[in-house]
Amino acid sequence: MVNLKLLEFCNKVSGTKMGSKKGVTETDPRYLLLEKVVTEEMAEVALILEYRFHQTAGEIAQKCNKSLERTKELLWDLAMAGVCSLKKEGDEDTYWYETWVPGIFEMVVNNRENVAKYPQIAKAFDDYGTLKNPLSAGNFPIGKGLMRVIPIETAIDGETRRASSEEVSKYLNDATVFSVSDCSCRTSREEMGEGCGHLKEEMCIQLGDAAEYYIRTNRGREISRDEAFEIIKKAEEDGLMHQIPNTEGEGKTHAICNCCGCSCFALRAAGMYNNPDMVRSNFVSKVDKTKCVGCGECIEVCPTNAIKLGQKICTKEEVKIAIRKEFPNDTEWGPDKWNPDYRETRQETLDSGTSPCKTDCPAHISIPGYIKLASQGRYKEALEMIKKENPFPAVCGRVCPALCEDACTRGDLDDPIAIDDIKKFIAEQDLNEEFRFVPRIKNDYDKNIAIIGAGPSGLSCAYYLAVEGYKVTVFEKQKQLGGMLTLGIPNFRLEKNVINAEIDILKELGVKFETGVEVGKDITLNELRTSGYKAFFIAIGAQNGRALGLDDEDALNIQAGVDFLRNVALNNYESLTGNVVVIGGGNVAIDVARTAVRTGAENVNMFCLENRSEMPALEEEIHEALEENILINNSYGPKRFIVENGKVTGVEFRKCVSVKDEYNRFNPTYDESDTIIVKADHVLVAVGQGIDWGNMLDDSNIELNPNKTIKVDSFTLQTSIEDVFAGGDVVTGPKYAIDAIALGKEGSISIHRFVQRGQSLTIGRSKKEYKALDKDNVDYSGFDYAPREKSLVKHIQNIKGSFDDPRGVLTEDQIKKETERCLGCGVTVVDEFLCVGCGACTTRCKFDAISLEKIHDEVGVDFPDLKPIIIKHALKRKVKIFFKKIKKRISPRS
């Protein structure tokens, strides 16, 4: 049944008449907001309240013909519900109501009990925005929106024309009472299951009367001025920006909100409705292209996706960027101009592309950024930048496939930048420090997460979850940590002390390790759930060698290459003697062959199906194998093992004519007339790896793919069991460590969202869909040739028994020369229309390349003075639209 008194109150606040065309009805979000929390008797009292006119309970009681005691009870109920504000004036409380937004909607939503009990409250807040935003597009002048962005203060420190009302500190220094509350926008999003991962808790600061109200009604916690400044600082560190209610006149406000573009209902005007004038500050971001390196750090925190990565390197043909021609203030602004999926369609790059190194890196590390920092000797900052996407630069500096170098623009001029060597140098500086870099732990969540597998993906996931503030335990069935980094990559390529040093940082972050524990055998997933773990990340790797499927493969002295490497890593092996045959042509096969040499083999022969150009092993590793007198026999596949008395004595190979069929599928064909028999005292098979699930999945319904990899959502990494996520080789099959590391971070993002109430796994999340610039269009004529710097490789006279890594590290002088070779082909590009001038981008730039410039001088007005200003502006807009249409009819191409 409709509460008519409440409906009357809703129309009073809205300034409309019941029953009129613009009047509030029972289906309106304003009515639905209050329907469940305001009784008819409460509404009777509410009707006596006035907008910002303070009245005592005695005055209100006389007007509503109720006893003073009952009136006070009803006024308190209204205050608790969020309908009216109250303030202690002398010995008495006074009462009034605020605007709908910012005001009543936020106060109602900030009643935690009611918003959780009545889902329609959260939805009403959302619906009110979708009701009003289309009407406001183009009709509010700049600076007159109900909420307004206020710049991060450090972003305007150098702007001499700034006003004190544009400084956050002004409002904090003017106020005497402070509170902090949950963000009402994020609260609504959470209740609707649409959270973006930015959590609601203690986000918004109230000042003065609003703080008193929030404290007394238990909506907020009283804080000091110093605490308020700390909250502001932390928000900025976490990539958030600030807005203030803008309905009280210049230099006045009752709150400071710490916002993100993916949940804030006010910023939705810019993001969804492409109407940034509704919220923008007087500033806009400007990029100094001579300083910008296109690292991309700034785009991650831009709330409106106004910043994207482009290119600045000279091109043969001009790269055209689309120029915006339509704006809300002179164009009819309907659904065809909106972006309803704005929280899931963020773009990282312009269509013309950006730096190929960042694009092709599986983790999309800010490579141009850390190269520039290294060139300036800022090694700790470079390390910090790397670790935002890859917690193990010392490892990857030694074993990364360097896809970034393959993509490097400089490679088409002479040699690509030695990106891996630069990263290795940066990491080496940290390894040699007495006090190493340990990232700030952002929060303190009382939630336990289990990581199963201590390889690169599991350790990466653990690192980022620990940084986020979770209690993380890693379960590893081996006694050693590191997975295939430790047990699958030989020491001469990746020394164990390097891996251990990287893992030490996880221990500093509070990550716990349970070694020698096989999940599924020693403890089950269900038992871990029962003991309090809220989510799981499976990253056990592909640790089993694949068999060839030939007869007698179980003969003595035939073993999987990965088993051989594991045994050597564990110092649990017998020296090889005589002739060793290694079957396979990938990086693992190369590692197996080189390790065989070091364990005593006299002659090592590799045989692989592929010809030399098709070999999956990296060219660098092939070269190193040849340097160690390993013979690589291309285009041969094993036909049978020759076994005598249960022991292998040789292998018969047949000539491989082609590896793939006409559809590019793996389907070798052979010339059966061309065979050879090779003597072998030992055969090591390295033709791929499989996954040993053991009993882990016995008590679950987790789905697997036909190849035994785990089936996951390709974006979120969630398995068929909602609290189980997976990454690394168990998802992709055998790939590089950097691929596993990248998935580990994505897994941590999903788990953070999963274990927090009401968070979506996808909304507001970057898909990291980078696009590389067209290198064929690059004009290299202005660049000189410069040789690539190479690290010193130590000569080891007798490699038998030696597992030392002979590769050195570039010197600091070499680093300076090598970093100078970078062409700096990327740059940040700002869409000044979409930019709301928050300054978040400036907090991320390490090179002073992006700053805020004041281009407007608009101020807010008191709410009662707003209506005539809007009417005047809207009429001007209609005239602009009219003449624009006339012009278009006369000149259709204009």
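The values are calculated or read from the model by the stated rules, or taken from the named source; none is laboratory data. As the structure is a computational prediction, the values presented were derived from the model and not from experiment. Note that each Cβ is placed from the backbone with ideal geometry, even for glycine, and that neighbours are counted across all protein chains shown. Side chains are part of the model used for accessible areas, which takes the heavy atoms of the whole protein and leaves out ligands, DNA and RNA. Shrake-Rupley method; radii C 1.70, N 1.55, O 1.52, S 1.80 Å.
Return yes or no: is Lys885 basic (Lys, Arg), surrounded by fewer than 16 Cβ atoms within 10 Å (Cβ to Cβ) and more than 30 Å from Arg598 (Cβ to Cβ)?
Spelling it out, Lys885 is indeed basic (Lys, Arg), surrounded by fewer than 16 Cβ atoms within 10 Å (Cβ to Cβ) and more than 30 Å from Arg598 (Cβ to Cβ).
Please pick out the residue among Lys745, Lys775, Lys711, Lys790 that is open to solvent by 30 Å² or more (accessible area, probe 1.4 Å), among the charged types (D, E, K, R) and under 23 Å from Leu199 (Cβ atoms).
Lys745
If a residue counts only when it is out of contact with any Lys or Arg (no Cβ under 8 Å at 6 or more places or on another chain), which strands (runs of 3 or more DSSP E) contained entirely in region 475-589 have at least 3 such residues?
533-538, 579-583
Count, please, the residues in region 672-686 that happen to be open to solvent by less than 60 Å² (accessible area, probe 1.4 Å) and assigned to a strand (DSSP E or B).
Going through region 672-686 one residue at a time, the tally reaches 8.
Six or more apart or on different chains, Cβ under 8 Å: which pairs go from a residue in region 518-534 that's in contact (Cβ under 8 Å) with a residue 60 or more places away in the chain and among the aliphatic types (A, V, I, L, M) to one that's open to solvent by 50 Å² or more (accessible area, probe 1.4 Å) and assigned to a loop (DSSP other than H, G, I, E, B)? Could you list them?
That search, which allows pairs on different chains as well, returns Val519/Lys477; Leu525/Asp699.
Do you know which residues across region 692-708 are open to solvent by 50 Å² or more (accessible area, probe 1.4 Å) and free of Cβ contacts under 8 Å to residues at least 40 places away in the same chain?
Scanning region 692-708 gives Asn701, Glu703, Leu704, Pro706, Asn707, Lys708.
Condition check: of a type in the set (S, T, N, Q), surrounded by fewer than 17 Cβ atoms within 10 Å (Cβ to Cβ) and modelled with pLDDT under 95. Does Thr530 satisfy that?
Against the criterion (of a type in the set (S, T, N, Q), surrounded by fewer than 17 Cβ atoms within 10 Å (Cβ to Cβ) and modelled with pLDDT under 95), Thr530 does not qualify.
Give the number of residues within region 33-65 that are among the basic types (Lys, Arg) and in contact with an Asp or Glu (Cβ under 8 Å, 6 or more places away or on another chain).
Here the count works out to 1.
Tell me, which residue of region 11-38 that is open to solvent by less than 70 Å² (accessible area, probe 1.4 Å) and of a type in the set (Val, Ile, Thr) is nearest to the chain's Cα centre (by Cα)?
Val37
Go through region 290-312 residue by residue and tally those that are of a type outside the set (S, T, N, Q), in a loop (DSSP other than H, G, I, E, B) and surrounded by fewer than 22 Cβ atoms within 10 Å (Cβ to Cβ).
The total comes to 3.
For region 696-712, indicate whether the set of residues that are of a type in the set (Asp, Glu), outside any loop (DSSP other than H, G, I, E, B) and at pLDDT below 95 is non-empty.
no
Residue check: is Tyr342 more than 23 Å from Cys825 (Cα to Cα) and crowded, with 17+ Cβ neighbours inside 10 Å?
Yes.
Is it the case that Tyr445 is touching a His at 6+ places or on another chain (Cβ under 8 Å), more than 30 Å from Val793 (Cβ to Cβ) and modelled with pLDDT of 95 or more?
For Tyr445, the condition - touching a His at 6+ places or on another chain (Cβ under 8 Å), more than 30 Å from Val793 (Cβ to Cβ) and modelled with pLDDT of 95 or more - is not met.
Modelled with pLDDT under 95, open to solvent by 50 Å² or more (accessible area, probe 1.4 Å), more than 43 Å from the chain's Cα centre (by Cα) and closer than 27 Å to Ser802 by Cα - does that describe any residue in region 623-631?
yes
Please pick out the residue among Ala601, Ala593, Ala555 that is more than 30 Å from Ser700 (Cβ to Cβ), in contact with a strand residue (DSSP E or B) (Cβ under 6 Å, 6 or more places away or on another chain) and modelled with pLDDT under 95.
Within the list Ala601, Ala593, Ala555, the selection yields Ala601.
All but one of (1) surrounded by fewer than 24 Cβ atoms within 10 Å (Cβ to Cβ); (2) among the β-branched types (Val, Ile, Thr); (3) more than 21 Å from the chain's Cα centre (by Cα) hold for Val474, so report the exception by its number.
Answer for Val474: the failing condition is (1).
In contact with a Pro (Cβ under 9 Å, 6 or more places away or on another chain), open to solvent by less than 10 Å² (accessible area, probe 1.4 Å) and in contact (Cβ under 8 Å) with a residue 40 or more places away in the chain: which single residue out of Asn246, Asn275, Asn258 fits that description?
After ruling out the rest, the residue left standing is Asn275.
Within region 411-423, how many residues turn out to be farther than 17 Å from Ala742 by Cβ, open to solvent by 10 Å² or more (accessible area, probe 1.4 Å) and not in a loop (DSSP other than H, G, I, E, B)?
Of the residues in that region, 3 qualify.
Hey, among Pro401, Pro391, which residue is buried (at least 22 other Cβ atoms within 10 Å of the Cβ), in contact (Cβ under 8 Å) with a residue 12 or more places away in the chain and not in a helix (DSSP H, G or I)?
That would be Pro391, the only listed residue that is buried (at least 22 other Cβ atoms within 10 Å of the Cβ), in contact (Cβ under 8 Å) with a residue 12 or more places away in the chain and not in a helix (DSSP H, G or I).
Just the residues that are more than 17 Å from Gly532 (Cβ to Cβ), of a type in the set (D, E, K, R) and in contact with a helix residue (DSSP H, G or I) (Cβ under 7 Å, 6 or more places away or on another chain), please, taken from region 439-473.
Lys442, Glu468
Would you please name the residue that is most open to solvent (accessible area, probe 1.4 Å), looking only at residues in region 197-217 that are in a loop (DSSP other than H, G, I, E, B) and without any contact (Cβ under 8 Å) to a residue 60 or more places away in the chain?
Here the residue is Glu201.
Here is a list of conditions, (1) outside any helix (DSSP H, G or I); (2) open to solvent by less than 10 Å² (accessible area, probe 1.4 Å); (3) of a type in the set (Gly, Ala, Ser), and Ala270 meets all of them except one; can you say which number that is?
(1)
Of everything in region 714-739 that's among the β-branched types (Val, Ile, Thr) and crowded, with 21+ Cβ neighbours inside 10 Å, which residue is nearest to Val399 (Cα to Cα)?
Ile738
If you go through region 56-72 one residue at a time, do you hit one that is at pLDDT below 95, of a type in the set (S, T, N, Q), farther than 27 Å from Asp862 by Cα and assigned to a loop (DSSP other than H, G, I, E, B)?
Yes: region 56-72 contains one or more residues that are at pLDDT below 95, of a type in the set (S, T, N, Q), farther than 27 Å from Asp862 by Cα and assigned to a loop (DSSP other than H, G, I, E, B).
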